[in-house]
Amino acid sequence: MRGTALVLGGGGPVGGAWLTGVLAGLADGGIDPTAADTVIGTSAGAVFGARLVCGEAARELYERQLARLDRVEMGVTVAQTLRYLWAALGTRDPERSVRRLGHAALTARPAPAQDLHDTVRTLLRDATAWPAQALRITAVDAETGHVEAFDAHSGLDLVEAVAASCAVPLVWPPAAALGRRWIDGGTRSTGNLQLAAGHRQVLALSPVPAAVGPHPGARQQAAELRAAGTHTTLITPDADARRAMGRDLTADGRRPAAARAGHRQGAALAATVARTWPVQGTAGG
């Protein structure tokens, strides 16, 4: 088996804020989240995973949430939400569900595509080039529903890869790259833990444990990794964090509270995580 993998899931601006809090809480407790041999990021997790491995400290990611920086204006309407739910929940077949979402995204007319790339470019800050550390960014083919994990050898730049991972169906148009159209990497799996198969040790942070629709959730994916022999630690929002996050994961006003809740949770779990994950000052395995 390969070494360690850090998996960062999607969850909109609010879920992303929780994610930064957990990372900072773990780091404050002595855990080195950057010690992973591979980092796998989906949607919000793609943004913060890229920034983390490109050198931005977990504490800085967190403090920017407290200061209400890194703001994202998504402007999700009721009509967009209802159409998303109709597409995702209109079948019990996972493959058909994700293809329905892809079709809805391809036929919708949301904001111009450049808005997404500009937003992602701003969010990435100094993370403008693929890092030396293995980073995999997920996206879903809008036509086939296939999950792709982009990396430094995929033939597209980091902004393009993260934009594809963040292209929420019906909110932003599918992102064009490599001759195909891509939608949010969390469309069929908010965490994509399955991509960490083959690693000896996995630490997964999943702001939203399950995607909308008949898809395997993070807990099921974690169980499957464990059954295959991978030591897997999955962190999802606890009751306090869920209250702080609320139901609207695009609500900018909730980001500081969500980040603080994540920090409390990460700090409380640091000692447990340290039993199997590299601590600061040690090399990853």
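The values are calculated or read from the model by the stated rules, or taken from the named source; none is laboratory data. Predicted model, so just to flag it, every value in this text is computed and none were measured. Positions of Cβ are backbone-derived with ideal geometry, glycine not excepted, and every protein chain shown enters the neighbour counts. Note: accessible area is taken over every heavy atom of the protein model, side chains too, but ligands, DNA and RNA are not part of it. Shrake-Rupley method; radii C 1.70, N 1.55, O 1.52, S 1.80 Å.
Scanning segment 75-131 for residues that are basic (Lys, Arg) and at pLDDT 90 or above returns Arg83, Arg92, Arg96, Arg99, Arg100, Arg121, Arg125.
Against the list (1) more than 24 Å from Thr128 (Cα to Cα); (2) buried (at least 19 other Cβ atoms within 10 Å of the Cβ); (3) in contact with a strand residue (DSSP E or B) (Cβ under 8 Å, 6 or more places away or on another chain); (4) of a type outside the set (Val, Ile, Thr), the condition Cys166 fails is (1). Helices (runs of 4 or more DSSP H) fully within segment 69-134 that include at least 2 residues being open to solvent by 90 Å² or more (accessible area, probe 1.4 Å) and closer than 25 Å to Asp157 by Cα: 113-124.
The residue list Ser189, Ser154 contains one member that is open to solvent by less than 30 Å² (accessible area, probe 1.4 Å), in a loop (DSSP other than H, G, I, E, B) and either within 27 Å of Thr276 (Cβ to Cβ) or without any contact (Cβ under 8 Å) to a residue 60 or more places away in the chain (or both), which is Ser189.
When Leu23 is tested against (1) touching a residue at least 60 places away in the same chain (Cβ under 8 Å); (2) surrounded by fewer than 24 Cβ atoms within 10 Å (Cβ to Cβ), just one condition goes unmet, and that condition is (2). From the list Val72, Val98, Val78, the lone residue that is closer than 30 Å to Thr34 by Cβ and β-branched (Val, Ile, Thr) is Val72. Report whether or not Arg64 is open to solvent by 10 Å² or more (accessible area, probe 1.4 Å), over 19 Å from Ala270 (Cβ atoms), out of contact with any strand residue (DSSP E or B) (no Cβ under 6 Å at 6 or more places or on another chain) and among the charged types (D, E, K, R). Answer is yes for this residue. Collect the residues in segment 224-255 that are part of a helix (DSSP H, G or I) and surrounded by 17 or more Cβ atoms within 10 Å (Cβ to Cβ), keeping them in residue-number order. Passing the criteria: Leu225, Ala241, Ala244, Met245, Arg254, Arg255.
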